[in-house]
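> To start, I am sharing the structure in question, which I have written as structure tokens.
The values are calculated or read from the model by the stated rules, or taken from the named source; none is laboratory data. Everything numeric here is computed off the predicted structure, so don't read it as measured data. Note: ideal-geometry Cβ built from the backbone for every residue, glycine included; neighbour counts use all protein chains shown.
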Amino acid sequence: MKEPYVCPSTCSGSLDNFLRRIIHKPEKILGPYIKEGMTVLDMGCGPGYFTAALAGLVGESGIVTAADLQQGMLDKMREKVNRIGLGKRVEAHKCRQENTGILKKYDFILTFWMVHEVPDQLSFLREMKSLLNPGGRIMIVEPKIHVTGREFSGMLLRLESAGLQVVDRPAVAISRCVVAESSN
């Protein structure tokens, strides 16, 4: 079994820097899908680059769960959202190696540049589907530098096998991206 990728603590800066803010504008990428009052899961949140924007988009009546395998990343995320005054809208969740351990349901799940690191993608996608509220959606964004077109097509087949169907293919810089919802 392939071991899950664990980002060294030094890479958190590469996940949140001025260049990324030019290339990946969270509000532009997520704005069409996130509404005030939604429940959102930022799966593999890292240092909270997208978590902070999601917390702003869901408004005071919404909630964001920021989930990651690494406590260090969750600590950085917590520091960031508290610093900008959105900490009350964000719950931190430390995932287990074998599954997320999340028991809540969500209106929207974001997986940004992380599914390719999951050893058993089909099980992961099935778990993500089980976490969606009726009508809920998942956005999967993968980096073109790590995920070839063929690999992404395989990921989409696993997505369909998990009971999800693609409903949108938004353009995200240097990435392959789909939005899917439950097919049953």
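> Would you tally the residues in region 95-139 being within 26 Å of Ala52 (Cβ to Cβ) and of a type in the set (Ser, Thr, Tyr)?
Adding up the residues that qualify gives 3.
> Considering only residues that are closer than 16 Å to Val166 by Cβ and either assigned to a helix (DSSP H, G or I) or basic (Lys, Arg) (or both), which ones fall in region 93-121?
Answer for region 93-121, where residues must be closer than 16 Å to Val166 by Cβ and either assigned to a helix (DSSP H, G or I) or basic (Lys, Arg) (or both): Val115, Gln121.
> If you don't mind, another one. Across region 152-184, what is the total count of residues that are more than 25 Å from Lys105 (Cβ to Cβ) and assigned to a helix (DSSP H, G or I)?
4
> Let me ask another. Sort out which residues of region 143-162 are within 10 Å of His116 (Cβ to Cβ) and either surrounded by 14 or more Cβ atoms within 10 Å (Cβ to Cβ) or of a type in the set (Asp, Glu) (or both), and write them in order of number.
Pro143, Val147, Glu151, Phe152, Met155
> What's the number of the condition Gly135 fails, among (1) touching a Ser or Thr at 6+ places or on another chain (Cβ under 9 Å); (2) of a type outside the set (D, E, K, R); (3) part of a loop (DSSP other than H, G, I, E, B)?
Only one criterion is unmet by Gly135, namely (3).
> Oh, and also: Of (1) in contact with an Asp or Glu (Cβ under 8 Å, 6 or more places away or on another chain); (2) modelled with pLDDT of 95 or more; (3) under 14 Å from Met43 (Cα atoms); (4) exposed (fewer than 15 other Cβ atoms within 10 Å of the Cβ), Gln165 satisfies all except one. Which?
Evaluating Gln165 over (1) in contact with an Asp or Glu (Cβ under 8 Å, 6 or more places away or on another chain); (2) modelled with pLDDT of 95 or more; (3) under 14 Å from Met43 (Cα atoms); (4) exposed (fewer than 15 other Cβ atoms within 10 Å of the Cβ) leaves (3) as the failure.
> Does Lys94 meet the test of being surrounded by fewer than 20 Cβ atoms within 10 Å (Cβ to Cβ), in contact with a Lys or Arg (Cβ under 8 Å, 6 or more places away or on another chain) and among the charged types (D, E, K, R)?
Numbers: surrounded by fewer than 20 Cβ atoms within 10 Å (Cβ to Cβ): yes; in contact with a Lys or Arg (Cβ under 8 Å, 6 or more places away or on another chain): no; among the charged types (D, E, K, R): yes.
Criteria not met by Lys94.
> Of everything in region 24-66, what is surrounded by fewer than 23 Cβ atoms within 10 Å (Cβ to Cβ), aliphatic (A, V, I, L, M) and assigned to a strand (DSSP E or B)? Give them in sequence order.
Passing the criteria: only Ile63.
> Checking the structure you have, find out if any residue of region 70-90 is β-branched (Val, Ile, Thr), crowded, with 18+ Cβ neighbours inside 10 Å and closer than 22 Å to Ala171 by Cβ. If you could, list the steps in order and put the result at the bottom.
Keep residues of region 70-90 that are β-branched (Val, Ile, Thr), which gives 81, 84, 90.
Those left that are additionally crowded, with 18+ Cβ neighbours inside 10 Å: 81, 90.
Checking which are closer than 22 Å to Ala171 by Cβ leaves us with none.
No, that holds for no residue.
> A follow-up question, please. Does region 85-106 include one or more residues that are modelled with pLDDT of 95 or more, closer than 17 Å to Cys177 by Cβ and touching a strand residue (DSSP E or B) at 6+ places or on another chain (Cβ under 6 Å)?
No, because not a single residue in region 85-106 is modelled with pLDDT of 95 or more, closer than 17 Å to Cys177 by Cβ and touching a strand residue (DSSP E or B) at 6+ places or on another chain (Cβ under 6 Å).
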